[in-house]
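Visitor: For reference, the structure I am asking about is given below.
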């Protein structure tokens, strides 16, 4: 369910954003995210941006693993 | 660095020496990616992945396809749908087969594209509104725009579903859930956290190889503590509060209803349907669709597969009468379906 | 239910084979009837290759080509895959009433240019006009005759354990270009079809070595479908390395959007070449020096240790998984 596409925001015009996935572009709805700007990365599902993406999967996974292995460390090592 | 993280996650999994663990991936895209990436071969035999009911195509009852075909063939409606639904068998026909009999069926990428088609058409246009929390906001946006722009010939045939009550219905089926990343991205983590209090464990996972292996490693690590847990392993997309604009949109346009899941039966409050002010856009009411009894093939055991009670290979028609080219059950249709994944990726 | 022809019967996958086996093979069976791209026919001391191919493509004009160019490339490449130098072509048009003559002329012009590039002559043709709505704009069928080099013999059945599998460039670009040209999914990308005549590539490699087991053009159904056909014909297993598959980033972006696999998108200017591993470096060097061969890559190998008839993907993270079998009509996966 819910195939997601990670893509870069190229342009935002009111409720619509132009996104770019490796050179493939499409207009999608940006109505669910209030503060999108060109250069942001978003997760897109069925033509709707559902979330802003805050890191790469590698950075994220590294932090998650550090978090469970060293739960007491104050800051995660990326 | 990617290699380091992958290696670390893989070695955590390889080193697992605890009791056998059953992990249920609820999301069909997880099922698909786990097979595509060959992740099962990287796990020790004591870790068993089972596939749950998270493919909207697979849990959509036969009667829903019959309703859609009724609209196309009897009411001359132009159907718009995600490609996923096209080959799902109804009682007699799939949408693809109905197309040969003259049904007008168009594939779209987004519910908003279906609305754009309605704008150009004089005919009635119905969008086949399936999908979970992730997909519903797009369908609500289409209704919102149809209302605002006064596009009268557009309606939805709803079979939308929500996950929380389904987790509870499935609680005994697995030791831990791999929660569906994009559903939780919309709904937020609260539901998963509440399930911990009910003794249900799980992690929310992303969809890349790194994310999936990390999430599985996390389950293994947390299981050793022998108490229920929840970890957000997809924080780059999933925020604790979810997407509040999407939640509000759903609350504005849709309300909970009981819903039939193929194989699981009716689960209370697990469906969504249009609220009263928008019921003129509910295709079921608008076209007074007669009740479709929906006869599934009696040999099909998709229901037991969806609950994780049997493997697809235990079904007598699997791989013989039921193949991706000639599917009998929905789980063989969608490439996200458990049966199709087992068949295609040779786990049978 | 009455059995009828489905779109998936034309998809080049399992259902196409079923249709050929159950309907055509049953009636046409003879010693020359072939599952390869062209039949090889003896004529005196010579061996001829003979092939035919029908083209329906919507839309008829697309970035990187049109149905006319496609119809020349298709038959030229089918002949080339048998190791045959393409000589003569015929073409038959079915035109829809109302089709603009200017468009027809554009098609004819590009057919002539492509024929010249490929070194073939169009020697005869046929024209039929169908009333409006009976066909979609223009359908073209081309047939072609080529002469086989005396010492070249290629067939899917000849793949051997340990052979290297090469492709002559990035995969799936034609399928992606057509998908975009149909404007159904609102996606834009600067992608041109890979459509090209490829005899010069075959000529170059067989001049280096005739020890080549399989040459196939990966058209409808893509490289994945061709690999499954070869695995079935040779009764060997095939392994491909995910990390080594050449895919244009834009094509992979489109595939990610629509949940498609580039291995199943059509190519119209890409060969799959299977030859002993020892020739790999020389073949790649030869191909990469020629137009339409610049992106040549080795993507995998043939192995008798794998299940006969199977195609296995070695994934980038070190997993192994079967390549899903081709299922005919490509359906986007979204919800």
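The values are calculated or read from the model by the stated rules, or taken from the named source; none is laboratory data. Just so it is clear, the structure is predicted and the values come from calculations on it, not from any experiment. Don't worry about glycine lacking a Cβ; one is built from the backbone with ideal geometry, like all the others, and counts go over all protein chains shown.
Visitor: Taking the residues in the range C:42-58 that are touching a residue at least 60 places away in the same chain (Cβ under 8 Å) and over 21 Å from residue C:80 (Cβ atoms) as candidates, determine which candidate is surrounded by the fewest Cβ atoms within 10 Å (Cβ to Cβ).
Guide: Result: C:58.
Visitor: When you go through (1) away from chain B (no Cβ under 14 Å); (2) in a helix (DSSP H, G or I) one by one for residue C:263, which number turns out not to apply?
Guide: (1)
Visitor: Among (1) more than 11 Å from chain C (Cβ to nearest Cβ); (2) at pLDDT below 90; (3) more than 18 Å from the chain's Cα centre (by Cα), where does residue B:27 come up short?
Guide: Among (1) more than 11 Å from chain C (Cβ to nearest Cβ); (2) at pLDDT below 90; (3) more than 18 Å from the chain's Cα centre (by Cα), residue B:27 violates only (3).
Visitor: If we keep just the residues of the range C:13-36 that are within 14 Å of chain B (Cβ to nearest Cβ) and closer than 22 Å to residue C:266 by Cα, which is surrounded by the most Cβ atoms within 10 Å (Cβ to Cβ)?
Guide: Within the range C:13-36, the match that is surrounded by the most Cβ atoms within 10 Å (Cβ to Cβ) is C:13.
Visitor: Can we say residue C:240 is under 22 Å from residue B:33 (Cβ atoms) and at pLDDT 95 or above? Steps first, answer last, please.
Guide: Details: under 22 Å from residue B:33 (Cβ atoms): yes; at pLDDT 95 or above: yes.
It is true that residue C:240 is under 22 Å from residue B:33 (Cβ atoms) and at pLDDT 95 or above.
Visitor: If residue C:181 meets every condition in (1) closer than 30 Å to residue A:48 by Cβ; (2) surrounded by fewer than 23 Cβ atoms within 10 Å (Cβ to Cβ); (3) touching a helix residue (DSSP H, G or I) at 6+ places or on another chain (Cβ under 9 Å); (4) in contact (Cβ under 8 Å) with a residue 12 or more places away in the chain apart from one, which number is that one?
Guide: Failing condition for residue C:181: (3).
Visitor: If you check B:294, B:242, which single one turns out to be at positive phi, part of a loop (DSSP other than H, G, I, E, B) and more than 14 Å from chain A (Cβ to nearest Cβ)?
Guide: After applying the criteria, what remains is B:294.
Visitor: Just to check your reading of the model, which residue among C:175, C:169, C:186, C:162 is buried (at least 23 other Cβ atoms within 10 Å of the Cβ) and either touching a helix residue (DSSP H, G or I) at 6+ places or on another chain (Cβ under 6 Å) or over 19 Å from residue C:279 (Cβ atoms) (or both)?
Guide: C:175
Visitor: Is it true that some residue in the range B:111-122 is away from chain A (no Cβ under 14 Å) and buried (at least 22 other Cβ atoms within 10 Å of the Cβ)?
Guide: yes
Visitor: Restricting to the range A:1-59, name every residue that is under 9 Å from the mean Cα position of the chain (by Cα), within 7 Å of chain B (Cβ to nearest Cβ) and either modelled with pLDDT of 95 or more or under 21 Å from residue B:133 (Cα atoms) (or both).
Guide: Residues satisfying the conditions are A:43, A:50, A:51, A:53.
Visitor: Hey, another quick one. Conditions: (1) in a loop (DSSP other than H, G, I, E, B); (2) within 11 Å of another protein chain (Cβ to nearest Cβ); (3) touching a residue at least 60 places away in the same chain (Cβ under 8 Å). Residue B:217 meets all but one. Number of the miss?
Guide: Just one mismatch for residue B:217, condition (1).
Visitor: Kindly evaluate residue B:321 against the criterion of being surrounded by 21 or more Cβ atoms within 10 Å (Cβ to Cβ) and either in contact with a strand residue (DSSP E or B) (Cβ under 8 Å, 6 or more places away or on another chain) or not assigned by TED's automatic domain parsing to the domain that holds residue B:25 (or both).
Guide: Criteria not met by residue B:321.
Visitor: Exactly one of these conditions fails for residue C:39: (1) within 14 Å of chain B (Cβ to nearest Cβ); (2) free of Cβ contacts under 8 Å to residues at least 60 places away in the same chain. Give me its number.
Guide: (1)
Visitor: Do we have any residue at all in the range B:248-265 that's closer than 30 Å to residue A:56 by Cα, within 12 Å of another protein chain (Cβ to nearest Cβ) and out of contact with any helix residue (DSSP H, G or I) (no Cβ under 6 Å at 6 or more places or on another chain)?
Guide: Taking every residue of the range B:248-265 in turn, at least one turns out to be closer than 30 Å to residue A:56 by Cα, within 12 Å of another protein chain (Cβ to nearest Cβ) and out of contact with any helix residue (DSSP H, G or I) (no Cβ under 6 Å at 6 or more places or on another chain).
Visitor: How many residues are crowded, with 22+ Cβ neighbours inside 10 Å and either in a loop (DSSP other than H, G, I, E, B) or not assigned by TED's automatic domain parsing to the domain that holds residue C:203 (or both) when one looks only at the range C:282-316?
Guide: 2
Visitor: Hey, does the range C:209-219 have a residue that's farther than 22 Å from residue C:82 by Cβ and touching a helix residue (DSSP H, G or I) at 6+ places or on another chain (Cβ under 7 Å)?
Guide: So far as the range C:209-219 goes, no, none of its residues is farther than 22 Å from residue C:82 by Cβ and touching a helix residue (DSSP H, G or I) at 6+ places or on another chain (Cβ under 7 Å).
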